[in-house]
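For reference, the structure is listed below as structure tokens.
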Amino acid sequence: MSAHSRIVAWVLLVVALALTVAGSATWSLLVNRLDARVAEELANEAEKLRTFAAKAGPVTDVRSLLYDYLSLTAPDRHETYVSVVNGKVDQFTGRPSDGELKIDDALIAKASGASEPETGWASSDLGKVRYLVMPVRVTGDERKAALVVAVFYDVQRSEVTDVMRSLALTSALAVGVAGAAAWLVAGRVLRPVRLVRTTAERISDSSDLSRRLDVPGDDDISALAGTFNRMLDRLERAFATQREFLDDAGHELRTPLTVVRGHLELMGEEDREETVALVLDELGRMNRIVDDLLLLARSEQPGFLTVGEVAVAELTVDVLAKVRTLADRTWRLDEVADTHVLADGQRLTQALVQFVANAVRHTRDGGRISVGSALRGPELELWVRDDGPGVPADQRDRIFRRFVHGAQTGTGLGLAIVARIAAAHGGRAEVRDAPGGGAVFLIGIPAYETGEPGEPYSDS
Ligand SMILES: Nc1ncnc2c1ncn2[C@@H]1O[C@H](COP(=O)(O)OP(=O)(O)OP(=O)(O)O)[C@@H](O)[C@H]1O
Ligand SMILES: [Mg+2]
């Protein structure tokens, strides 16, 4: 069942339920009122007859007493008077248009035998009748007489039924109108949802991620479309990045392959050794590229970092100790942050070593390279400074992208990896001018300190 017809079904159900409740309440109200009115009417009649008899003065003939009464008093609508004398209907008035009231014999018998006023139900050719029997006695007249007031209950009730019938008819009409309105409104409300769905389907069918939903307005649906569009933006960007990554990687790997192939094809007996050395060198390069690419790919995934307590001063000193032997440079320790932070020590070391490898590449023998770390406000900075040529201002952002490298340097993945390590820590990597020439490469990460310097980390 579609959302559309479900909404309509619910509206119909609720409206029908409400109308049914209202209808039955009206019905019982009207019927109760009718019953009360009939009872009151009969009580009135009894009172009227009593008053008449009291005023009539001395009478000797019961029949003429009733005759006088009947000729003076007119019955109400839906009512008839019957006088019964000695077990026989004597006269009746009222409802001439409905013909003679055929009251069953039992009522006649009861009327003539009654010694007390009484009410009850009888049947007639016009349905159920509510009656009042008033026995009438006159001193000196032996005849047993009574006045029967009969109210045509069913006739009056059929008026109520008529009202209910037309109420039911209008109710049915109302349900129909409500249903039609619900159908239209639900259609209007659901149209944008349907639009979102069909567009989303079309996008996934054609895998064309450049399409966007167009839902004008500022309601929930257009907000949904906006969210959907932003998700598509991200997906499109992610796919584009992935494609670029693959293009770049393929391109970078093809170069050493071509070199290897060329040398192997041209290899002769005499330059065999030389070629093998060259090929091994190229294969080593490819190996590094593949490792770096895998690392970059992994850096996008959760679990890239293994966070623990890092003694920053120790880490800084260790890096310097590790890299001193790499090349003949003047190695320096700028300063160290005497603190413990939550971070991935191995990745931070890897980043600094990468900075150092670049610095070595861009400095001459005897050039100066310094390593340092410091707390600057909420940030921990780790850096490598050199006295090389520095990085031109317009290159500073570029070089952190992958495969951006100089004329005869590496593959250009080093700084990209550093940038990922910094980002994974919630920080950044950047390059600045070193005072007195050269470059300062640094990463700044939020310093989640773990207590007093030197104290082992504890959770409390
Ligand atoms: N200390 C530095 N001084 C001057 N330029 C630098 C320095 N470090 C990096 N660069 C520039 O940034 C580029 C990118 O560096 P990156 O480490 O990403 O790549 P790479 O060193 O060329 O290759 P890889 O590190 O993958 O072997 C370098 O090619 C170089 O042009
Ligand atoms: Mg490098």
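The values are calculated or read from the model by the stated rules, or taken from the named source; none is laboratory data. A quick note: this is a predicted structure, and the numbers were derived from the prediction, not measured. Heads up, the Cβs are rebuilt from the backbone with ideal geometry, glycines too, and the neighbour counts pull from every protein chain shown.
So, in region 395-425, exactly how many residues are more than 27 Å from V307 (Cβ to Cβ) and near ligand 2 (Cβ under 10 Å from one of its atoms)? Lay out the reasoning, then the answer.
Filtering region 395-425 down to residues more than 27 Å from V307 (Cβ to Cβ) leaves 395-399, 403-412.
With near ligand 2 (Cβ under 10 Å from one of its atoms) added as a condition, the list becomes 399, 405-406, 409-412.
Selection size over region 395-425: 7.
Of the residues R212, R243, the single one that is surrounded by 13 or more Cβ atoms within 10 Å (Cβ to Cβ) and not assigned by TED's automatic domain parsing to the domain that holds G414 is R212. Here A146, A150, A114, A122 are screened, and the one residue that is at pLDDT 90 or above and either outside the structural domain of G87 (by TED's automatic domain parsing) or hydrophobic (A, V, I, L, M, F, W, C) (or both) is A146. Scanning region 385-415 for residues that are closer than 23 Å to L348 by Cβ and more than 6 Å from ligand 1 (Cβ to nearest atom) yields R385, R396, D397, F400, R401, R402.
Of G262, G250, G268, all but one fail to be out of contact with any Pro (no Cβ under 6 Å at 6 or more places or on another chain), at pLDDT 90 or above and exposed (fewer than 15 other Cβ atoms within 10 Å of the Cβ); the exception is G262.
Can you tell me which residue within region 332-347, out of those that are part of a strand (DSSP E or B) and not aliphatic (A, V, I, L, M), is farthest from ligand 2 (Cβ to nearest atom)? Write out each step before concluding.
Within region 332-347, the subset part of a strand (DSSP E or B) is 332-333, 340-343.
So of that shortlist, the ones also not aliphatic (A, V, I, L, M) come out as 332, 340.
Details: R332: 21, H340: 29 Å.
Here the residue is H340.
Across region 312-331, a minimum of one residue is classified as within 16 Å of ligand 2 (Cβ to nearest atom) and β-branched (V, I, T). Please indicate, with yes or no, whether at least one residue in region 369-384 is outside the structural domain of A249 (by TED's automatic domain parsing), within 11 Å of ligand 1 (Cβ to nearest atom) and either touching an Asp or Glu at 6+ places or on another chain (Cβ under 6 Å) or at pLDDT below 95 (or both). For region 369-384, residues outside the structural domain of A249 (by TED's automatic domain parsing), within 11 Å of ligand 1 (Cβ to nearest atom) and either touching an Asp or Glu at 6+ places or on another chain (Cβ under 6 Å) or at pLDDT below 95 (or both): present.
Results for (1) assigned to a loop (DSSP other than H, G, I, E, B); (2) more than 16 Å from ligand 2 (Cβ to nearest atom), shown as yes or no for each residue.
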site	(1), (2)
T275	no, yes
L278	no, yes
E282	no, yes
D291	no, no
L295	no, no
R298	no, yes
L305	yes, yes
E309	no, yes
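Condition first: under 30 Å from L253 (Cα atoms) and without any contact (Cβ under 8 Å) to a residue 12 or more places away in the chain. Can you find one or more residues in region 383-392 that meet it?
First, pick out the residues of region 383-392 that are under 30 Å from L253 (Cα atoms): 384, 388-392.
Subsequent filtering for residues that are without any contact (Cβ under 8 Å) to a residue 12 or more places away in the chain retains 392.
Yes: region 383-392 contains one or more residues that are under 30 Å from L253 (Cα atoms) and without any contact (Cβ under 8 Å) to a residue 12 or more places away in the chain.
Criterion first (in a helix (DSSP H, G or I) and either assigned by TED's automatic domain parsing to the domain that holds L17 or loosely packed, with under 14 Cβ neighbours inside 10 Å (or both)) does A172 satisfy it? Spelling it out, A172 is indeed in a helix (DSSP H, G or I) and either assigned by TED's automatic domain parsing to the domain that holds L17 or loosely packed, with under 14 Cβ neighbours inside 10 Å (or both).
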